[in-house]
1. If I filter the stretch 109-130 for residues that are outside any helix (DSSP H, G or I) and at negative phi, do I get at least one hit?
2. Regarding the stretch 94-106, can at least one residue be identified that is of a type in the set (Ser, Thr, Tyr), modelled with pLDDT of 80 or more and either part of a loop (DSSP other than H, G, I, E, B) or open to solvent by 40 Å² or more (accessible area, probe 1.4 Å) (or both)?
3. Out of the stretch 5-15, which residues are of a type outside the set (Val, Ile, Thr) and in contact (Cβ under 8 Å) with a residue 40 or more places away in the chain?
4. Criterion first (open to solvent by 60 Å² or more (accessible area, probe 1.4 Å) and at pLDDT 70 or above) does Arg110 satisfy it?
5. Give the residue, chosen from Gly116, Gly79, that is of a type in the set (Gly, Ala, Ser), crowded, with 21+ Cβ neighbours inside 10 Å and modelled with pLDDT under 65.
6. Take the stretch 128-147 and flag every residue that is open to solvent by 20 Å² or more (accessible area, probe 1.4 Å), modelled with pLDDT of 75 or more and not β-branched (Val, Ile, Thr).
7. Listed residues Gln188, Gln156; which is closer than 29 Å to Val41 by Cβ and either outside any helix (DSSP H, G or I) or modelled with pLDDT under 75 (or both)?
8. Give the residue, chosen from Gly193, Gly172, that is modelled with pLDDT under 90, within 16 Å of the chain's Cα centre (by Cα), surrounded by 14 or more Cβ atoms within 10 Å (Cβ to Cβ) and within 30 Å of Lys92 (Cβ to Cβ).
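The values are calculated or read from the model by the stated rules, or taken from the named source; none is laboratory data. Keep in mind it's a predicted model, so treat the numbers as computed, not measured. Methodologically, a virtual Cβ is constructed for each residue, glycine included, from the backbone with ideal geometry; neighbour enumeration extends over all protein chains shown. All accessible areas refer to the heavy atoms of the entire protein, side chains included, with ligands and DNA or RNA removed. Shrake-Rupley method; radii C 1.70, N 1.55, O 1.52, S 1.80 Å.
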Amino acid sequence: MSLGALAGITLVALGMVLTPGPNMVYLVSRSITQGRRAGLVSLTGVAVGFLAYLAATCFGLTAVFALVPEAYVAIKLAGAGYLLYLAWKTLKPGGTSVFQPKALKPDPPRKLFMMGLVTNLLNPKAAVMYMSLLPQFIDPSAGDVMTQSFLLGTVQIVISMAVNTLIVLTAGSLAAFLGTRPTWLRFQRYVMGTMLGAFALKLATDRSRAVIATP
């Protein structure tokens with residue numbers, strides 16, 4: 001795995017995890033209303049969801065690209081379009097902060113885990129991350145495609161879990177802090193929205209196409 005691929009997947013993973021989505025909304029809501037322990041249990045389910053996407057990518061996506069090369073271009077454009085959509089949602093006026101979540105009734109650990117898992121499996125950000133964005137950083141000439149997919153996916157999962165753990169542990173404090181400082185909320189929105197928009201444009205205008213070989 002090259003340093004360029006590592007830096008690229010790191011930036012994309014940070015941009016995605018710091019942009020409000022289903023996972024962040026659920027984790028913050030659960031952490032604020034039921035406590036840090038509930039947030040961490042929910043996060044465990046989210047992690048298993050990422051592992052499921054990674055396994056599907058390693059064992060299935062490379063074969064699809066080998067059989068239908070046009071699928072790579074289609075997925076790449078879909079990923080760019082979705083990043084632009086996320087950028088617009090982040091930058092548009094009148095957006096609601098993720099740290100103003102609705103209250104949720106307390107749930108037992110098993111349900112917390114399952115809700116975290118289901119939320120991530122149904123999260124379009126996670127699907128796009130693995131189906132469209134991760135393959136951009138795979139270089140068939142650098143070695144085994146499956147190994148590269150696994151390593152890149154592992155980097156994304158580690159980054160996502162680290163950031164989400166911090167969010168869970170500090171959700172209550174952040175909600176109180178940001179609730180009285182709208183300037184900080186706007187700054188976060190502008191930075192994340194600009195990053196996602198830049199990634200989307202680069203992805204859409206990049207004419208190179210990796211030739212994915214079956215592992």
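1. Keep residues of the stretch 109-130 that are outside any helix (DSSP H, G or I), which gives 122-123.
Checking the rest, the ones that are also at negative phi come to 122-123.
Yes, because at least one residue in the stretch 109-130 is outside any helix (DSSP H, G or I) and at negative phi.
2. Narrowing the stretch 94-106 to residues of a type in the set (Ser, Thr, Tyr): 96-97.
Imposing the further condition that a residue be modelled with pLDDT of 80 or more reduces the set to none.
No, the conditions are met nowhere in the stretch 94-106.
3. Restricting attention to the stretch 5-15, the residues satisfying the condition of being of a type outside the set (Val, Ile, Thr) are 5-8, 11, 13-15.
Within the stretch 5-15, Ala5, Leu6, Gly8, Leu11, Ala13, Leu14, Gly15 meet the criteria.
4. Yes, satisfied.
5. Just one listed residue meets the conditions, Gly79.
6. Once the filter is applied, which keeps residues that are open to solvent by 20 Å² or more (accessible area, probe 1.4 Å), modelled with pLDDT of 75 or more and not β-branched (Val, Ile, Thr), the stretch 128-147 yields Gln136, Phe137, Asp139, Asp144, Met146.
7. Unique residue meeting the criteria: Gln188.
8. On the way: Gly172 fails: within 16 Å of the chain's Cα centre (by Cα).
Among Gly193, Gly172, only Gly193 is modelled with pLDDT under 90, within 16 Å of the chain's Cα centre (by Cα), surrounded by 14 or more Cβ atoms within 10 Å (Cβ to Cβ) and within 30 Å of Lys92 (Cβ to Cβ).
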